[in-house]
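Have a look at the structure below before the remarks.
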Amino acid sequence: MSVSRKVLMAILGLVASNWLLPMSGPGSRAMAADEKPLTVFAAASMTDALTEIGQAYERDGHGKIVFSFAGTGTLARQLEAGAPADVFVSADVAWMDYVVERGAVDAGSVVTIAGNALVVVGAEGEEPLPQPLTLAALTSRLDGGRLAIADPETVPAGRYARQSFESLGLWGGVSDALAPMENVRVALASVARGETPLGVVYGSDAVVEPRVKIVARLPQGSHTAISYPAALVPNAPDQARDFLGYLGGPKAVKILEDKGFLALNETLAN
């Protein structure tokens, strides 16, 4: 065999051995580190809680989580259109039913991970409104300003608020003074920045925003019970199922409660 051929064979052997290394050597760890992160679509009101839960999940040695937070209706329609996600966390049952009916999530994987309450917030330092809430009190506090609210046509928080105001006989008097927002966090920010004197948000939103104060609580019985169902998309990876289970575990439940949510952890019937 000529020298040049010996050199060629040696090079081929080296290439082949290096190609095999990732199966069992250090290369396998590099591949694991480069695994695709889990993508979670979640309601905007879950931003703070889920971000902290995701950090805890990663610290516990699980994979990386990438969150996309927005209004539930927006996310549901993105899932319906085929947007790439692994887990969906909705702010109400209606939008979860919507994606289940369209095959955008696995119906058998749906679980409730939390509940919430609905509150009226004003600027820090504002006095509480009288309870039960009256139209005269609301109108006086608004003083010609607008009531920030998540869009009641598409966003769960807005839908709950409308139900509550209708139940209390206030909707007809406040509907012309509304400032509908893209999602509940935008409504919260509007009050925090002083752009609107009052807003209707979740109790958990008020917990994370120091610039606002709860001035009234809307009765739980005046609207559909607020729950956050979560589900896997069809053919989701094993990590997605692992994360869904983690959301019902003690660390996640503690974080949810600390952030003002009502932890439920019960399976929804579909």
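Each value in this text was obtained by applying a stated rule to the coordinates, not by laboratory testing. Everything numeric here is computed off the predicted structure, so don't read it as measured data. Here the Cβ positions follow ideal geometry from the backbone for every residue, glycine too, while neighbour counts run over all protein chains shown.
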Notebook entry, point to check: How many nm is it between the label spots at residue 60 and residue 107, if each spot is 7 Å from the Cα in line with the beta carbon?
Noted result: 3.0 nm
Check: Listed highest first by mean packing, meaning other Cβ atoms within 10 Å per residue, what order do 132-144, 164-176 come in?
Finding: 164-176, 132-144
Notebook entry, point to check: How much length is gained on full extension from residue 254 to residue 81, taking 0.36 nm per residue of separation minus their Cα-Cα distance?
Noted result: 58.9 nm
Checklist line | Spacing of the two label points (7 Å from each Cα toward its C-beta) at residue 142 and residue 241, in nm | finding: 5.0 nm
Next item on the list: Determine which aspartates and glutamates satisfy two conditions relative to residue 251: a Cα distance under 19 Å, and not lying fewer than 8 residues away in the same chain.
Entry: 48, 52, 58, 60, 242, 266
Next item on the list: Would you mind pulling out the separation of the Cα centroids of the stretch 204-231 and the stretch 68-138, in Å?
Entry: 11 Å
Next item on the list: Would you tally the net charge around residue 236, using a Cβ to Cβ cut-off of less than 9 Å, leaving residue 236 out, and scoring K and R as +1, D and E as -1?
Entry: -2
